[in-house]
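Contents: one structure, followed by commentary.
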């Protein structure tokens with residue numbers, strides 16, 4: 001009797017393994033969901049939709065973007081971490097959701113490292129410091145002088161508490177010794193609308209969401225947060241050039257799956273993403289949005305996330321940001 005049970009168990013496990021291998025070989029055979037933790041129209045959404053389009057073309061399946069904005073991207077990241085690890089749920093992770101949040105929230109509902117299977121980076125973009133044209137400041141020095149003359153008279157927008165737009169401006173405030181009031185929004189798109197309408201006066205936002213408004217002078221660009229100037233706005237100096245050496249603020253974006261997603265699927269998605277990032281078409285699309293295309297292996301991406309968590313936890317602690 002026991003021998004028969006063991007024999008049947010062996011057959012069941014063998015059939016299950018064959019079924020799993022077959023399912024992975026047929027992958028994908030239905031649409032894939034890509035969770036974006038920010039509203040439509042923001043930087044993460046812009047990059048995510050380009051990636052979804054190109055990846056869908058390669059895989060021969062639709063990739064449906066599911067925007068779940070709020071709490072600096074952590075609502076969407078939490079949903080993504082708990083999705084079925086079957087290869088049909090992926091997400092766009094960012095510096096905000098997978099580095100800053102770990103230090104800013106004492107009770108983050110997901111683990112940026114353990115809850116995900118990293119697939120590949122896709123882009124890095126500078127942060128761009130802009131003001132509403134009505135603000136009497138034509139460069140960073142004039143903005144700092146104005147803020148010191150009128151402390152807390154100006155407001156700045158962010159993509160949400162704990163987002164990198166929040167952290168970038170707090171870093172600048174700390175470095176320059178100024179006081180500007182924070183007003184969080186549910187993503188880059190509503191933050192952009194706030195500065196366009198002069199509801200707020202300052203925004204240290206991600207380049208893709210701000211680039212076209214900066215080029216058309218709907219907002220006035222004062223500085224970029226990266227160590228080098230951006231090719232998209234070559235005449236705009238860096239914060240470091242403007243008197244604050246060592247300052248750096250940038251946003252990375254990458255594709256992840258829930259932890260437990262089969263390795264063959266992770267490897268397949270990585271292979272396709274690396275190929276996409278290397279194409280001239282993708283490079284042009286990223287550069288048109290002020291982003292730099294970049295890819296890496298799942299292991300490299302995982303190592304990078306761990307390093308970024310450690311780095312930003314120290315920064316968040318030094319500045320004193322606590323969100324719960």
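The values are calculated or read from the model by the stated rules, or taken from the named source; none is laboratory data. Since the model is a prediction, treat every value here as computed from it, not as a measurement. FYI the Cβ positions are ideal-geometry reconstructions off the backbone, even for glycines, and counts take in every protein chain you see.
Numbers for the structure displayed
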quantity: Residue that is farthest from residue 323 (Cα to Cα) [pool: residues in segment 138-164 that are in a helix (DSSP H, G or I) and touching a helix residue (DSSP H, G or I) at 6+ places or on another chain (Cβ under 7 Å)]; calculated: 144
quantity: Flag if residue 71 is under 15 Å from the mean Cα position of the chain (by Cα) and surrounded by fewer than 18 Cβ atoms within 10 Å (Cβ to Cβ); calculated: no
quantity: Residues within segment 15-33 that are at pLDDT below 95 and either surrounded by 14 or more Cβ atoms within 10 Å (Cβ to Cβ) or not in a loop (DSSP other than H, G, I, E, B) (or both), tallied; calculated: 11
quantity: Candidate set from segment 307-317 (those that are in contact (Cβ under 8 Å) with a residue 60 or more places away in the chain and surrounded by fewer than 15 Cβ atoms within 10 Å (Cβ to Cβ)); member that is nearest to residue 86 (Cα to Cα); calculated: 311
quantity: The lone exception for residue 221 - which of (1) part of a strand (DSSP E or B); (2) within 21 Å of the chain's Cα centre (by Cα); (3) under 29 Å from residue 181 (Cβ atoms) it fails; calculated: (2)
quantity: Residue tally, condition in contact with a strand residue (DSSP E or B) (Cβ under 8 Å, 6 or more places away or on another chain) and within 22 Å of residue 49 (Cβ to Cβ), over segment 214-255; calculated: 8
quantity: Single match in 288, 235 (criterion: modelled with pLDDT under 95 and under 30 Å from residue 198 (Cα atoms)); calculated: 288
quantity: Hits in segment 218-232 - residues which are at pLDDT below 95 and more than 13 Å from residue 129 (Cα to Cα); calculated: 227, 228, 231, 232
quantity: Count of segment 250-267 residues which are surrounded by 18 or more Cβ atoms within 10 Å (Cβ to Cβ) and assigned to a helix (DSSP H, G or I); calculated: 2
quantity: Qualifying helices (runs of 4 or more DSSP H) (wholly inside segment 34-124; at least 2 residues being touching a strand residue (DSSP E or B) at 6+ places or on another chain (Cβ under 9 Å) and farther than 21 Å from residue 192 by Cα); calculated: 43-59, 74-81
quantity: Search result, residues across segment 170-214 that are within 18 Å of residue 149 (Cα to Cα) and either in a helix (DSSP H, G or I) or in the same structural domain as residue 71 (by TED's automatic domain parsing) (or both); calculated: 172, 173, 174, 175, 176
